[in-house]
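No value in this document is a laboratory result; all are computed from the given coordinates. Quick caveat: nothing in here was measured; it's all calculated off a predicted structure. Methodologically, a virtual Cβ is constructed for each residue, glycine included, from the backbone with ideal geometry; neighbour enumeration extends over all protein chains shown.
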Amino acid sequence: MRRILVIFIALALILSACSSNENKGKESSPNSEGNSSTESNNVSGTNSPDSGNKSIKVLLSHAEAEYAKTLKADDPYIKELNKLSGYNLSFEFLGHSDYDQQLSLRFVSGDLADLIRTPSIDSTIHKDAVEQGIFRELGPLIDQYGPNLKKRIPETAWNSPRVQKDGKIYGIPVLVGTANDRIGFIRQDWLDKLGLKQPETIDDWLNYFEQVKVQDVNGNGDPNDEYGYTMFEGLGWSSMFFGSFGVDPGTWHMQDGKLIPDMISPKMKEAIAFYKMLYEKGYVNRDLFTKKEADFRADIYNGKSGSFAAAVYQYTPDFSAANAPKKFVNEPDKVNISMIAPPTGPRGERGLGPVSDGIYFVWVIPETVKNPEEIIKYLDWAWSSPEADKFFAYGIEGSNFTDVGGEIKYDVSAPVNAEKNAFQMFQLSINPREIGFNNDLVLKTLPESEKIIAGYKLSADIAMPHDSLYMPPLVTFQNNPEISTWGTMFVEMFSKIMTGNQPIDAFDKFVADWNKRGGDKAIDEATQWYNAFHK
Amino acid sequence: MNRRLVLRDKWVLLLFALPGLLYFLLFKYVPLLGNVIAFQDYNIFKGILRSPWVGFAQFERMFGFDDFYEVFRNSVKLGFYSLLFGFPAPIILALLLNELKSMWFKRIVQTVVYMPHFLSWVIVGSIFINLLSYEGIVNTIASKIGLAKVDYVTQGNTFIAVLISTGIWKEVGWGTILYLAALSGINPNLYEAAMVDGAGRWRQMWSITLPYLMPTMVVVLLLSIGHILDANVEQVLIFLNPLVRDVGEVFDTYVYTFGLVGGQYSYTTAIALFKAAVGIVLVFGLNAISRRTTGESLY
């Protein structure tokens, strides 16, 4: 008996010493390397107590921006921002991949800041926060103290249920800064080598894929190690051909007086059949359902991918003429990437990325904050002052850029801007307005600015219209998350058909199952919302 | 005089135990009270005191959920196979190590087999996924020697095997620690006496080593049975993909995706409570059985 006791205690010690960490989910970020989350919580900025009501504590995610992740106390950018604005701002950057969980904990413990980043005022992170009076209603304050906010932030963003409820405004939108940023990237050098022009129709694309499959386009001696098109487990991000069939698994369309998700539309069956064909013919990498994003990127850099879905902002850091040769180590002197629209489908449709409300995230101010009017005034300054415009685009004068008689000299690849991607600090991390990479002032200073601006134009052109803009999360989906758009049921069906585990007709069974499990209720709920919203 | 000393000793001992007891009270027993939210519709702003009570509604929802039995079956299956293969593995390894004559070789092997325990599942998982993928090294070699390529991580019937075997690979060395400790406690005279009596190596193992390992084995077995429905979330989440969700989704991954990510605290607490109930029943039941059959038990 004593022996057992000793063993038991030893075991308890071992177990308590080795109890494993909590798990961390993954989520892609607006930053290029949307991976490897170091959970660093950095508090910075001068934080002198009771420095009047001009002090504002900001709680947000570092969004995988390298500079913000490793922020040190007494940061020069925060200092400059405080100097220019006349406020005393301090920033706390939480980890990005588990921001939702951490924010949820903050709400539980009440350890909040003055200005808080959240995806939406009705997010499940802080369920019922609006009803419980946790967030301050901002409408009257904005009218009184923030006239420029209403002027500069477009109507489409203010109308979103992510910032207002029952006609009252509880949040201030932070903008993506463009109508759409999704686009296809294609290896222009491979096209040239094969003597092909940029593909437009589905047949053009399939021809390109076939050539890539048969020939050794990356020139490493193995004709079988490159694919015309590559994907990874983040299917929503890496799928490029739904739009050619007029559908997007995330959106809904009105049909005979009912709001129906594209997920169950007959056009979706055609799209899935297309993906199945890509898989069967070996045009897409076979291991896409287990491929991690980092490995997917490595494959691209190793010359194994002929095309892939991406976003325009990814061009400069990884695929531009200046930076691609550093990444594509096997073909540094050859690589040349073009931005391209997905193919035009059988009905003349094409598209990538749904039309959105243009909101990146939403600022909220807790009811307990004493100086909300000062916060609104600060945001109003950020949106309207020419000094702010300059700071959030180019950083600190004399360090990040120089202004010689009105002519701005800003070099994105200069060490002061490029090291640790410091430019992201003022353009993104502490910019309370928008994703600054997309700002016109920034775009025009970039190398290849014409190509990038043309990319944004093309991207806006292929944004897919739909009828579920502003649709709040459905209650039906909260009870049965598996049936939601891009839910596990859809993804499972999609992957099984694509890989040939199930015949294409399994789609019909999926639709029937989906309806049975509450899909019909979801359609009713969505239709009711649509009719109420658009009356 | 003597009695007072004994008395004082007791108090001193209790004082020693105090931090440990406080730890269990504060971090193990007090949080148990939080389980009441399984019977509420918990909202973080209302807290436990003001959230509405809903009785067994969360449990009804759980049992009524279409995939509940699938998830339950997967959890039991994974737990059962993990136990079936994962429990004997460290015992066998410990016995093998015990038979090694050369001390330095034994030490090296021991250190090497501990190593994987200290790697995170994110690393181990990515390595194995790459090794076992359709174009990974394993399949490349297999096709070179004329075997068919198998997509191990995306096929339902090989997926569980991958989970179990990577789990064993990572933890088997660590698991041997207890057994090696128990083995070193066996009196060498017993082996010498057995040798004199003409017992061979197998006989010695069967009649001396195994009986002496029995208490350790029983304790480890009973404790791991209590966790039969607990999969290793980190491991399963890394390997899980849509092609094997119907065999790979277990309670813990379900709770993770729908509870934590979806903010449904009450519902997922109900699931966790159900899991715990199953674990308690198993531990008590098997403990009683073990006490009767082998004479060894936890308490």
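Worth pointing out:
- A simple spin-label model places the labels of B:T140 and A:N224 1.2 nm from each other, with each point 7 Å out along Cα-to-Cβ.
- Dipole axis of the stretch A:137-208 (+1 Lys, Arg; -1 Asp, Glu on Cβ), positive-most option in A:N180, A:W205, A:W190: A:N180
- Gain on full stretching of the segment that runs from B:W11 to B:L210 - 0.36 nm per residue minus C-alpha separation: 67.7 nm
- Separation of the stretch B:188-232 and the stretch A:139-210, taken as the distance between their Cα centroids, equals 65 angstrom.
- Remark on A:I183: its backbone amide H falls under 5 Å from those of A:A310, A:A311, A:V312, a criterion applied only to residues 5 or more positions apart or on other chains, H modelled at 1.01 Å from N.
- The 3J(HN,Hα) values that the Karplus relation (6.51, -1.76, 1.60; θ = phi - 60°) gives for the stretch B:97-104 are, in residue order, 4, 5, 7, 5, 8, 7, 4, 5 Hz. Gly and Pro appear as x.
- Using a Förster distance of 35 Å, the FRET efficiency for B:L49-A:V475 (Cβ separation, nearest 0.05): 0.85
- Charge dipole of the protein assembly as shown (Cα centre as origin; +1 on each Lys and Arg Cβ, -1 on each Asp and Glu Cβ, all else neutral): 3000 debye, rounded to the nearest 20.
- The count of lysine pairs in the stretch B:83-196 with alpha-carbon distances below 29 Å, taking only pairs 8 or more places apart or on different chains, stands at 4.
- Aspartates and glutamates whose Cα lies under 19 Å from that of B:K28, excluding same-chain neighbours fewer than 8 positions away: A:E22, B:D230
- Whether chain A is rounded, prolate or oblate, judged on the alpha carbon gyration tensor where a/c under 1.5 counts as rounded: rounded
- Antiparallel bridge percentage (DSSP; both residues within the protein assembly as shown; nearest 5): 70 percent
- For the stretch A:66-73, the Karplus equation 6.51 cos²θ - 1.76 cosθ + 1.60, evaluated at θ = phi - 60°, returns couplings of 4, 5, 5, 4, 10, 5, 10, 4 Hz by residue, with Gly and Pro reported as x.
- Taking θ as phi - 60° and the Karplus parameters 6.51, -1.76 and 1.60, the scalar couplings of the stretch B:143-158 work out to 6, 5, 9, x, 8, 6, 7, 10, 8, 4, 7, 10, 9, x, 7, 9 Hz in sequence order, x denoting glycine and proline.
- Considering only B:I91, A:G167, A:A310, the residue lying farthest towards the positive end of the dipole of the protein assembly as shown is B:I91, judged by Cα position with unit charges set on Cβ.
- Remark: the A:D411-A:D440 segment gains 8.9 nm on full extension, using 0.36 nm per residue and subtracting the alpha carbon distance.
- Ranked list, fewest to most other Cβ atoms within 10 Å of each Cβ, for B:E70, A:E331, A:E407: A:E407, B:E70, A:E331
- Other-chain or far-sequence residues with amide H under 5 Å of A:I169's (modelled H): A:L138, A:G139
- Cβ charges +1 (Lys, Arg) and -1 (Asp, Glu), total dipole of chain B, debye: 1020 debye
- The label point for A:V108 and the one for A:D520, both projected 7 Å from the Cα toward the Cβ, are 3.9 nm apart.
- Positive-end residue of B:I137, A:A321, A:N218, charge dipole of the protein assembly as shown with Cβ unit charges: B:I137
- Förster radius 56 Å - calculated FRET efficiency between A:K193 and B:A148 (Cβ-Cβ, nearest 0.05): 0.95
- For A:S305, nonlocal amide neighbours, meaning residues 5 or more places apart or on other chains whose placed amide H falls under 5 Å from its own, are A:Y227.
- Efficiency of FRET from Cβ geometry, B:F80 and B:V36, R₀ 25 Å, rounded to 0.05: 0.20
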